[in-house]
Amino acid sequence: MSSAPPALSTEPAPSERQGARTPMILLIACAAQFMVVLDVSIVNVALPDMKASLGLSPAGQQWIVNAYTLAFAGLLLLGGRAADLVGARRTFLAGLVLFAAASLACGLSGDGTTLIAARAVQGLGGALLAPATLTLIMTTFTEPRSRMRAMGTWSSVNGGGGAAGAVVGGLLTEYAGWRWVFFVNIPIGLAILAAALLYVPAVRGSHGGLRRLDLPGALSVTVGLTALVYGIISTESSPWGSPHVWGALSLGILFLAAFVLIESKVAAPLVPLAVLRRRTLAIANLVMIGLGSAMFAMWFLLSLYMQQVLGFSAVKTGLLFLPGCVAVIVGTRTSAHLVRRIGPRSLLVTGMAVSTFGFLWLSRIAVGGVFTTDVAPPFGLCALGLGMAMLPVTAAATTGIQPREAGLASGLVNTSRQVGGALGLAILAAVASHGVAEHLVPGVQALTAGYGRAFLFAALFTACAAFGSFFLPGRPATAGPGATAPGPGAGLTSGGAA
């Protein structure tokens, strides 16, 4: 008896299933990155309400931001390596669950200490989540042109998320209360979790991945950065020469030196020191530190200036940040179209120069300033320039990186931005505080002078970033007749990762 003919399978082939998943993976990665970046800036507009509700000091206000940023920055490298060793899907899901749970704890906090501690845990979740989003993109989009389009979308979300945080924060603070700037993450996180379980494929990590994670390295760099920022913030109440300040700064330097020693000795370092010998990668991350320093401080200082000096409400402040949101998105989309054509260097130099001019203009703010003429134009220039720089510096930092090192590269570039943000915010807030203290009579005049001086220093950060950008590769290489095709991570610049 002959057997029946086999039924034709209607299930798509693996490549077809992957093709159908690809847009959803990009959407999931961008949504998660938007949530993480949003949470860096969403609290800025809500800080005055948090201060009144929980009795926070000015330093306490900074720690609401910096507890998240420092945990985020210090552990991003660990998150990047976890994505490589354990698998991007597992790291993504673990970070997402931890981030949502910590957001709930933040919203339920009854005092400043609890809120700051919950923000640190939230930063840990973000540190696992953020590099996994870029790893998912780099391992899903292997063709250079499609990868660049995907990274352009990711960079737009990255810049737009930070900008939109002020708008969303203002609306939530005004109409729902400051606790909702944290509660909003819970439904978003659950929706992303459901989509990730359906569409993100499981990829096995390296054998023994968990045992190979460099926990001593992660701990030393986190403690070192925290001590440095604590020392800088302490100068607001203690002189630079006090044992309190120098003790914290010395401890930070000691732990960072220990981090370098650990990385040179362990078998599976968090950051293989040989990676930092790649010129393009090292310079791009230094430029990212300058970019992050200016970007974080811009939202923080402008929010306080508009509420404490100009007397705007939280919702009005948030809505007036909309031009900045648009400028960031315009900048990132413009650079996405140009980076493959002219290379990252020209875009970075141009973007940082535009931002430098904007910050110099902002340093001239006055007590009776008018938003439409004195704040919006320079603010728009700052945001446009920072948006233009986001994609090219990320592209330069990840050029030539192999898929197995995708998490490390994305962790490094994210870490540089967050480290820059934490240190920049601490430095510029201290500069503003010292500027206020120089006035014998406290008030809006003193606050305005302090904020103006801080914007002047922000211009110095972006000018240094522009100078550093000159050392990046110029135009992309043009393949000759006998040239070999670039690998998945190549093809962005002429210099590669050399």
Assuming R0 = 51 Å, what is the FRET efficiency of A52 and T373, from their Cβ-Cβ distance, to the nearest 0.05? 0.95
What do you get for trypsin sites (Lys or Arg not before Pro) in segment 322-366 restricted to DSSP loop and a cutoff of at most 15 other Cβ within 10 Å of the site's Cβ? R364
Treating only the Cβ of Lys, Arg, Asp and Glu as charged (+1, +1, -1, -1), what charge dipole size does segment 25-141 show about its Cα centre? Round to the nearest 20 debye. 200 debye
Would any residue of segment 65-85 have its amide N under 18 Å from a label point 7 Å out along Cα→Cβ of V266? List them or say none. 71-85
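Between the DSSP loop rule and a limit of at most 14 other Cβ atoms within 10 Å, which chymotrypsin sites (Phe, Trp or Tyr not before Pro) in segment 170-275 are left?
Filter output for segment 170-275: W240.
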Label A257 and L215 with points 7 Å out from Cα along Cα→Cβ: what is the distance between them in nm? 2.7 nm
For segment 204-300, which trypsin sites (Lys or Arg not before Pro) are in a loop by DSSP, counting at most 13 other Cβ atoms within 10 Å? R204
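Give me the orientation-averaged projected area of the Cα convex hull of segment 316-386, in nm², one decimal.
Over every viewing direction, the Cα hull of segment 316-386 projects on average to 4.7 nm².
Where a number appears in this text, it was derived from the coordinates with a stated rule and is not lab data. Note that the structure is a prediction, hence the values are computed from the model and not measured. In this analysis, Cβ positions are derived from the backbone assuming ideal geometry, glycine residues included, and neighbour counts consider all displayed protein chains.
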